[in-house]
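Written below as structure tokens is the structure these notes are about.
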Amino acid sequence: MAGAAAEQRRLATVVESWSGRPVLVIGDAMLDEWRFAESDRLCREAPAPVLTLRRRISAAGGAANTAVNIAALGGRAVLVAPIGADVAGDELHDCLDRAGVWDRTVNQPGRPTPVKRRMLAGNQILLREDSGDPDDPLTDDGVARLLTALDCATEELRAAAGGAAPTLVVCDYALGALPAPVRAWLVANRDRYATVALDAHDLADWRGLAPTVVTPSFAEATRLLARAAGARSRGTALHLDHPDGDPAEGPSELTVGAAPGGAGLPDSPVPDRPDEAVGLAAGVGPTGEPTPGEGRVAMTGDGLSVTGTGVTVNATAGEGVDRAVLAESRLAELRAHTGADVVAVTLDTEGAVVGGADGEPRRSHSTPVPASHAVGAGDAYLAAMTLALAADAPLSTAAQLAQLAATITVSDTGTCVCRREDLLNALDVPADTGHPALVGADELTTIAEEHRAAGRSIVFTNGCFDVLHRGHVRYLEQARALGDLLVVAVNSDGSVRRLKGADRPVNPVEDRIALLAALSCVDHVVVFEEDSPASLIESVRPDVYVKGGDYPPELVPEAPLVRRLGGQVRTLGYVPDRSTSAIIDRIRAHSQDRETDSSLTSKRS
């Protein structure tokens, strides 16, 4: 038992160590929409259920959900992706804001945001409607703006990390967000990132990137091996042609062929020279249609090899073979073909197989769940694996934490997100910093010094927070995303009366601070009696001072003091029509309406 407890503490230490780590996510972002309905009869026109919509949920999907998971796990996530200038795009922006992801997406007018809409009844998915055409390419201007955003976000993260190279996550789901020029840029600028994680439906498109880790599904790994086998048998380069259908579903079949007139590189899956790598990533490599006369091939019965010269590989061939055994036997080849230090082959409900340079496979297991519970679990796996490797955790530890993050998110229907608190709770370690949320001024000074010594950035804000509402919560979540630690200073009751009038506050300070301390985005709450938090700012010396409002930072009264102490000032806009005064006015108006109605009723009687 003592050994197990020590192991859990060791894993928890890794989770704590990646707090605030800067991660840039680029790729195919989409919106997941869940529509929950009820049905108690069939339609007269057809044998189909009649549905009554009861609830609708929107969530970030694809690369956006990977960024959300990184932020939820405690990292500092920035998303660069093309998003349509449409309603779905607006909802996706809101999802990113709520999650505290730095939104550096690029609007693409005329190109819709990809959406996956699921209709459920009784927690059973009845149908899924996908919108957003993956064949609709980015315009030249869209590509240029995407590259600019990518370059700027990289430098922004580097500056936030004190000059250290950020981590990069590439999510390529073949929806058109990563055209050849973007792939070429990422390959050419590989040295600007310390750790690079790649999740791609077609790994062959990324030869030359030299990622730290790739996380193919079993089908994706099988396709890559089959294509390599077909190319070797012909002495030709890999032909990067996709079959018809939705590539985002992970097609079970793959078209493999030789590039007409192209010389092959059968024994060099990863180009040796940087210019060759950029050329391949830019689409200068093999192209064309499969040559006539190619036959069909499948995995052999034992599932351990691919036979024939092949045009099609059926990823379900060899059923009955242990997929983990097969994956373990091919880890070295997968590392060679991808150029990755680490390969993690995910096996859905069967867990994953992970291999590194030492040649020792690591096997992890999961718990079978309904498919509607596992949407996005791979994003949680990728996020935790990336953060752990970026924090220099041993591969075995990274594999454990990644599998745990994916497993604990699948308890209910919806898009999976793993929070840092959930991960620590699964390790039986409370998610705290060793200090209570509610602190005094002197204790807060000590806490700030500890975090500053550890290299963490401190965000400070203040206010009355009288009637806590959605606008407050979103504001505090955005503030927390600006650093590693959020301190909220709350006006005392006397201070609120001097600022707001004799009828305020509505809620006493003990209630106000209890609600603030319960928010996961708030690390510490402190009360101040003065009308200004200047003395607290002097003690804490925040890296970022945040105020709410639509005015420029120069108009914030505390701005000169903060800047003199070496900090920066940020203002965040409020959620429209969400304010304490508006809520109080509505309550008063409702009360007056009730009194009026009561008076009229009394007169009638």
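General remarks:
- Positive minus negative residues near P368 (Lys, Arg vs Asp, Glu; Cβ under 12 Å): -2
- Extending 7 Å from the Cα toward the beta-carbon at both R470 and E38 defines two label points whose distance is 2.4 nm.
- Solvent-accessible area, 1.4 Å probe, carbon plus sulfur percent, for segment 72-212: 51 percent
- Cβ-based net charge around R56, under 12 Å, with every Lys or Arg adding one and every Asp or Glu removing one: +2
- In segment 14-76, inverting the average of 1/r over every pair of distinct C-alpha atoms gives 14.8 Å as the Kirkwood radius.
- C-alpha center-to-center spacing [segment 1-55, segment 444-517] in angstrom: 30 Å
- Relative protection proxy for 335-341, 117-123, from highest mean packing down: 335-341, 117-123 (other beta-carbon atoms within 10 angstrom).
- Across the protein chains, with a 1.4 Å probe defining accessible surface, the residues E91, E155 rank E155, E91 from largest area downward.
- Gained length - S17 relative to D442, 0.36 nm times residue gap less alpha-carbon distance: 150.4 nm
- Annotation: amide H of A37 within the under-5 Å range of R54, L120, A121, G122, sequence separation 5 or more or interchain, hydrogens built in the peptide plane.
- For a label point 7 Å along the Cα-to-beta-carbon line of L515, residues of segment 442-475 with backbone N under 16 Å: 463-475
- Proximal charge balance of G20 [Cβ under 10 Å; K/R count +1, D/E count -1]: +2
- The simple spin-label model puts a point 7 Å past each Cα toward its Cβ; for R363 and E155 those points are separated by 5.0 nm.
- Gyration tensor (alpha-carbon) shape descriptor, segment 60-142, a/c threshold 1.5: oblate
- Most to least accessible of R192, R498 (protein chains only, probe 1.4 Å): R498, R192
The values are calculated or read from the model by the stated rules, or taken from the named source; none is laboratory data. Just so it is clear, the model here is predicted, and its values are computed rather than measured. Heads up, the Cβs are rebuilt from the backbone with ideal geometry, glycines too, and the neighbour counts pull from every protein chain shown. The accessibility values were calculated without ligands, DNA or RNA, using every heavy atom of the protein model including side chains. Shrake-Rupley method; radii C 1.70, N 1.55, O 1.52, S 1.80 Å.
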